[in-house]
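J.: Just passing along the structure, written as structure tokens.
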Amino acid sequence: MFDCNATTQAMEIATNRLNWYIGLSIFASLISIGAIIASIYYNRKQLEESNKRHDDMLKKQEDILTANHDWNRRSFTINYLGSSIEKIQQYRKELNELTSQVKIKGNEQNTLSFSDRFIRGNSLTEEEIHAWICVWDDNTQTYVKEKDDGNDFKLTEDGDKIRILLTNLLNTYESIGAAMMNRVLDEDVVKSLMKGPIISNYKFFMLWIKHLRRKHNLKNAGKNFRNLHRIINPKKAKDLRAKTDKN
């Protein structure tokens with residue numbers, strides 16, 4: 001009897017100890033799991049903060065690169081337009097010197113420089129260009145044709161120079177237009193420095209550009225200049241197109 005009681009008590013003690021061990025093991029496991037969860041959460045937070053810092057750094061670098069790119073493009077635009085303006089001024093100076101010496105239709109009292117004609121504001125016509133560059137026959141009171149059955153007229157020595165200078169002047173605006181269309185130049189800088197000249201010169205050369213396309217088969221003449229004008233002043237470009245269509 002004594003042995004049975006001792007055995008029962010021993011089993012209860014062993015069971016209690018086992019239960020405590022299991023309980024402690026479960027508790028320890030729960031603590032470990034909690035520690036693991038806390039560690040995962042902490043590491044995730046650290047990773048998120050690290051990614052955020054990395055993203056912020058990349059954005060700052062991108063902003064710096066963008067700012068540098070914008071500054072470089074503006075700086076390039078200023079230099080490019082400065083060179084273009086110098087060319088335009090030189091062409092105008094040479095045109096003034098040559099056109100002011102032309103006796104229009106043989107009349108010594110009838111002279112008109114390029115700048116004086118430009119100031120009038122309306123478009124330069126095909127007839128006016130002929131008056132500057134073509135050979136005039138006082139006897140027949142007509143321009144001398146290259147061939148009897150042709151439409152081309154003979155050019156004077158200075159007339160050929162005037163034609164080349166007019167072409168160079170137009171091509172300068174064409175080059176600016178091409179650079180704008182390809183986003184090489186900064187639009188705001190172009191508008192700030194050359195909006196007025198672009199608008200007035202496009203209007204001035206508009207009829208001559210049409211003449212080059214229609215009678216000289218230069219289909220792309222003034223194309224980039226036209227696009228430049230539309231970018232710089234869309235409303236003005238629309239008004240000019242409407243007037244041209246009516247004509």
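J.: Long-range amide H contacts for Phe153: which residues qualify at under 5 Å (H placed 1.01 Å from N, peptide plane, sequence gap of 5 or more or a different chain)?
T.: Glu146
J.: While we're on this one: With labels modelled as points extended 7 Å from the Cα through the Cβ direction, what inter-label distance (nm, one decimal) is found for Ser32 paired with Asp116?
T.: It is 10.5 nm.
J.: Mind checking the full-extension length gain between Lys219 and Glu86? Use 0.36 nm per residue of separation minus the Cα-Cα distance, one decimal, nm.
T.: 45.1 nm
J.: For a Förster distance of 41 Å, can you work out the FRET efficiency between the beta-carbons of Arg73 and Lys145, rounded to the nearest 0.05?
T.: E between Arg73 and Lys145, to the nearest 0.05, is 0.25.
J.: Taking θ = phi - 60°, what integer Hz values does the Karplus form 6.51 cos²θ - 1.76 cosθ + 1.60 yield along segment 132-147, in sequence order, with x for Gly and Pro?
T.: Values per residue, Gly and Pro as x: 7, 10, 9, 6, 9, 9, 5, 5, 8, 6, 9, 7, 7, 7, 5, 9 Hz.
J.: How do 34-47, 154-167 rank on mean C-beta neighbours within 10 Å, highest first?
T.: 154-167, 34-47
J.: By how many nm would the segment from Lys105 to Thr8 lengthen if fully extended, with 0.36 nm per residue of separation less the alpha-carbon distance?
T.: 20.9 nm
Every number here is computed from the coordinates shown, using simple stated rules; none is lab data. Here the structure is a predicted model, which means the values were calculated and not measured. In this analysis, Cβ positions are derived from the backbone assuming ideal geometry, glycine residues included, and neighbour counts consider all displayed protein chains.
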